[in-house]
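Remarks on the structure that follows.
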Amino acid sequence: MATEAPLLRQHGNSYNIFILVLTIFSLVIMVLLFLPVSQAERDLLLFYDNFVCVIFLFDFAMNLA
């Protein structure tokens, strides 16, 4: 009885470029959070950081499943 190989999820180049851009964006946000900025700017940076983290978490969960 032959067993089937597990189905591996393949990502296209556009998806990998999207994740690369998000990673660079996240690193820029991290650097900006170390600079002296106003409270409104800090809140906006934290919102963007959380948004990117949710996308990374969703990507991780989809790859784990």
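Could you please state how large a percent of the accessible area of the chain is carbon and sulfur, counting protein chains only and using a 1.4 Å probe? Numbers along the way, then the final one.
Working: 4160 of 5710 Å².
C and S atoms contribute 73 percent here.
Output the Kirkwood hydrodynamic radius of the chain, Cα pairs only, in Å rounded to one decimal.
Hydrodynamic radius (Kirkwood, Cα pairs) of the chain is 14.2 Å.
Write down the accessible area per residue of region 16-65 in Å², having rolled a 1.4 Å probe over the full set of protein chains.
Values: 3930 Å² over 50 residues.
Averaged over the residues of region 16-65, the accessible area is 79 Å².
The values are calculated or read from the model by the stated rules, or taken from the named source; none is laboratory data. Given the structure is predicted, the values throughout are model-derived calculations rather than measurements. Ligands, DNA and RNA are excluded from the accessible area calculation, which covers all protein heavy atoms including side chains. Shrake-Rupley method; radii C 1.70, N 1.55, O 1.52, S 1.80 Å.
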